[in-house]
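Written below as structure tokens is the structure these notes are about.
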Amino acid sequence: MAIERTFSIIKPDATRRNLTGKVNAMLEAAGLRIVAQKRIHMSRAQAEAFYGVHKARPFFNDLCTFMTSGPVVVQVLEGENAVAKNREVMGATNPANAAEGTIRKVHAESIEANSVHGSDSPENAATEIAYFFAGTEIVG
Ligand code: IDP
Ligand code: MG
């Protein structure tokens with residue numbers, strides 16, 4: 001398996017509780033390397049565009065409100081099989097269904113305020129990375 005990159009967000013519920021370091025320690029322990037990172041406050045337009053695929057879902061509006069409710073940390077993770085590995089360490093969307101030891105099981109507050117985002121495919125990872133980072137900001 002080749003070295004791959006994926007896109008990650010530490011969501012507002014986690015930055016509010018000062019969990020950035022704890023979340024990233026779990027990602028690093030899983031073998032993922034943080035090769036780009038910045039703390040931003042997403043605009044409504046950025047959140048709506050980022051989650052555009054979910055536009056028709058009943059939770060879309062609340063999700064955009066939540067994602068703009070405080071700072072987030074956007075980051076690029078690198079490693080073998082990084083997309084799938086990140087999804088594994090994140091755990092299921094609903095923390096009630098997340099496996100023991102996953103970030104969402106340990107830290108998430110709810111199905112919405114679930115602490116982290118992770119790309120679901122290499123194709124989406126490339127799109128999401130390019131949405132937030134210039135190539136020169138990614139240092140492997
Ligand atoms: P994922 O983050 O595990 O990939 P998606 O289905 O892509 O899950 O949903 C994107 C985000 O939308 C979730 O991480 C969560 O914050 C929110 N979300 C998903 N399903 C629900 C729901 O049923 N109610 C409220 N928020 C939801
Ligand atoms: Mg998703």
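What follows is calculated from the coordinates using simple rules that are stated; it is not laboratory data. Small disclaimer: the values here were computed from a predicted structure and weren't measured. Counting neighbours? That spans all protein chains shown, and the Cβs are built from the backbone with ideal geometry, glycine included.
A few notes on this one:
- For PHE50: the one exception among (1) more than 13 Å from the chain's Cα centre (by Cα); (2) within 16 Å of ligand 2 (Cβ to nearest atom); (3) not aliphatic (A, V, I, L, M): (1)
- Meeting the requirement of 2 or more residues that are surrounded by fewer than 21 Cβ atoms within 10 Å (Cβ to Cβ) and in contact with a Cys (Cβ under 8 Å, 6 or more places away or on another chain), the helices (runs of 4 or more DSSP H) wholly within the range 1-95 are 44-50.
Okay, residues lined up against (1) out of contact with any strand residue (DSSP E or B) (no Cβ under 9 Å at 6 or more places or on another chain); (2) in contact (Cβ under 8 Å) with a residue 60 or more places away in the chain; (3) not aliphatic (A, V, I, L, M):
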site	(1), (2), (3)
GLU48	yes, no, yes
PRO71	no, no, yes
GLU78	no, yes, yes
ASN81	no, yes, yes
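- ALA113, sole failed condition from (1) aliphatic (A, V, I, L, M); (2) within 14 Å of ligand 2 (Cβ to nearest atom); (3) within 16 Å of THR15 (Cα to Cα): (2)
- Within the range 96-107, the set of residues being within 16 Å of ligand 2 (Cβ to nearest atom), assigned to a loop (DSSP other than H, G, I, E, B) and of a type outside the set (A, V, I, L, M, F, W, C) comprises just one member, THR102.
- The residue that is farthest from ligand 1 (Cβ to nearest atom), among those in the range 105-124 that are of a type in the set (Val, Ile, Thr) and surrounded by 15 or more Cβ atoms within 10 Å (Cβ to Cβ), is VAL106.
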